[in-house]
Amino acid sequence: MARCNSRSLHILVQLLSVLIPPVSPLSFNFSGNKLGIPNLNYSGDAYFDGSIIQLTKNQVGSSLGSSVGSATYSEPVSLWDKASGTVADFTTNFRFSINSLGQRVSGDGLAFFLSPFPFEEPSNSSGGTLGLFKNLGQSISKNEVVAVEFDSFRNLEYNDSSFNHVGIDIWSIVSKTQVDLNANIRGNVQFIASVSYNAVTQNLSVFLSNASDPRRNWSLFYVVDLRKYLPQNAAIGLSAATGALYETHSIYSWDFISSNSSSQSKKKISNVRSAVGLAVGIGILLCGLGFVCYAVWRKRASGGMEEDEMALELSINDAFERGGGPKKFSFGTCSLTSAMRPSGSYMPVSTF
């Protein structure tokens, strides 16, 4: 029975490991000097200046136009698992500023993004496509990127609502939803952005606030199943671009945390319960079969002993018949023999 229980437990573990594989959580927090550690990869014009990240060119006096740069985390983020459909929750926060350098109009903005790993910066992606999509002018390019843009220039061809807005982009620079800030995002003021994803509600939400005046804040959200647009393991990063107009894009801190969603949906919970029930049922069945096998073995063993006893009795009877052992006499024979003996004599009588 111990072997049966062990086998049942093994099957249960195997089933659960197949049906509910883990989504590996990730956590990091970069600020100040930590922004320069090897866990961040810089591409294009992005670089670390010793205290902050400059996503685009920042050397005043040089040409700052048509600049593209990004900073990405060096390892992929586990977003979801194909076998179980499990999706990770995540939240990222970063502090940034955009400086128009005194210009009345500047461009183009920055974005937080997720993409296939590793991220490959598209060619000709300066200007309003923010280094994430090819700039095809009036044509709209596609790329497997989910992004939150903090846009500082109104591109009418991309249906931008204003010069200062936040939008959520799914595979296109044309935002699925956007919110006007009614504030100057280009005034070298620090903002704190928070982007979160809830795996249960599939809600991708954005919260932006003025670092020096938190009462000034904006938010928006969009419901999206990230499994349809991103691979299981994705790249995460920050990107910015300038075009004919220019500005600087600075990152002061960046943190990210992901975790397994404890309850993805009622369907997933039901699947887990079904898996456990199936495993327990198989365990009980195996134990039952083991008990039946044991009972059959005992019955056969007991039957063999009875056959041996019967064979022994037949052997003894056969010996009696051949005269090789004590003989069996009927009651009548014993009585007749006693009557023929002289009075007072004793003849032993077999009781076999």
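Here are the numbers for this structure:
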{"quantity": "Given (1) buried (at least 16 other Cβ atoms within 10 Å of the Cβ); (2) at pLDDT 95 or above, number of the condition Asn135 does not satisfy", "calculated": "(2)"}
{"quantity": "Members of the range 174-193 that are crowded, with 17+ Cβ neighbours inside 10 Å and not in a loop (DSSP other than H, G, I, E, B)", "calculated": "Gln178, Val179, Phe191, Ile192, Ala193"}
{"quantity": "Thr177 vs. criteria assigned by TED's automatic domain parsing to the domain that holds Ser31 and modelled with pLDDT of 95 or more", "calculated": "yes"}
{"quantity": "Test set (1) without any contact (Cβ under 8 Å) to a residue 60 or more places away in the chain; (2) not in a loop (DSSP other than H, G, I, E, B) - Gly50 fails condition number", "calculated": "(2)"}
{"quantity": "The range 118-141, residues that are in contact (Cβ under 8 Å) with a residue 40 or more places away in the chain and outside any loop (DSSP other than H, G, I, E, B)", "calculated": "Gly127, Gly128, Thr129"}
{"quantity": "Some residue of the range 57-80 being basic (Lys, Arg), more than 12 Å from Ala240 (Cα to Cα) and either assigned by TED's automatic domain parsing to the domain that holds Gln202 or assigned to a strand (DSSP E or B) (or both)", "calculated": "no"}
{"quantity": "Filter result (touching a residue at least 60 places away in the same chain (Cβ under 8 Å) and closer than 17 Å to Ile98 by Cα) within the range 177-224", "calculated": "Ile185, Arg186, Gly187, Asn188, Val189, Gln190, Phe191, Ile192, Ala193, Ser194, Ala211"}
{"quantity": "Test: residue in the range 60-82 that is of a type in the set (Asp, Glu), at pLDDT 90 or above, closer than 28 Å to Thr201 by Cβ and out of contact with any Lys or Arg (no Cβ under 7 Å at 6 or more places or on another chain)", "calculated": "yes"}
{"quantity": "Set Ser115, Ser162: member being touching a Leu at 6+ places or on another chain (Cβ under 8 Å), more than 17 Å from Ser66 (Cβ to Cβ) and in a loop (DSSP other than H, G, I, E, B)", "calculated": "Ser162"}
{"quantity": "Sole exception among (1) touching a Ser or Thr at 6+ places or on another chain (Cβ under 8 Å); (2) not in a loop (DSSP other than H, G, I, E, B); (3) not basic (Lys, Arg) for Ser106, by number", "calculated": "(2)"}
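Per-residue answers, yes or no, for (1) of a type in the set (A, V, I, L, M, F, W, C); (2) in contact with a Cys (Cβ under 9 Å, 6 or more places away or on another chain); (3) buried (at least 18 other Cβ atoms within 10 Å of the Cβ):
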position: Asn58; (1), (2), (3): no, no, yes
position: Ala71; (1), (2), (3): yes, no, yes
position: Lys82; (1), (2), (3): no, no, no
position: Thr86; (1), (2), (3): no, no, yes
position: Thr91; (1), (2), (3): no, no, no
position: Ile98; (1), (2), (3): yes, no, yes
position: Ser106; (1), (2), (3): no, no, yes
position: Pro116; (1), (2), (3): no, no, no
position: Phe119; (1), (2), (3): yes, no, yes
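The values are calculated or read from the model by the stated rules, or taken from the named source; none is laboratory data. Keep in mind that this is a model prediction, so the values were computed, not measured. Cβ sites come from the backbone with ideal geometry, for glycine too, and all protein chains shown count toward neighbours.
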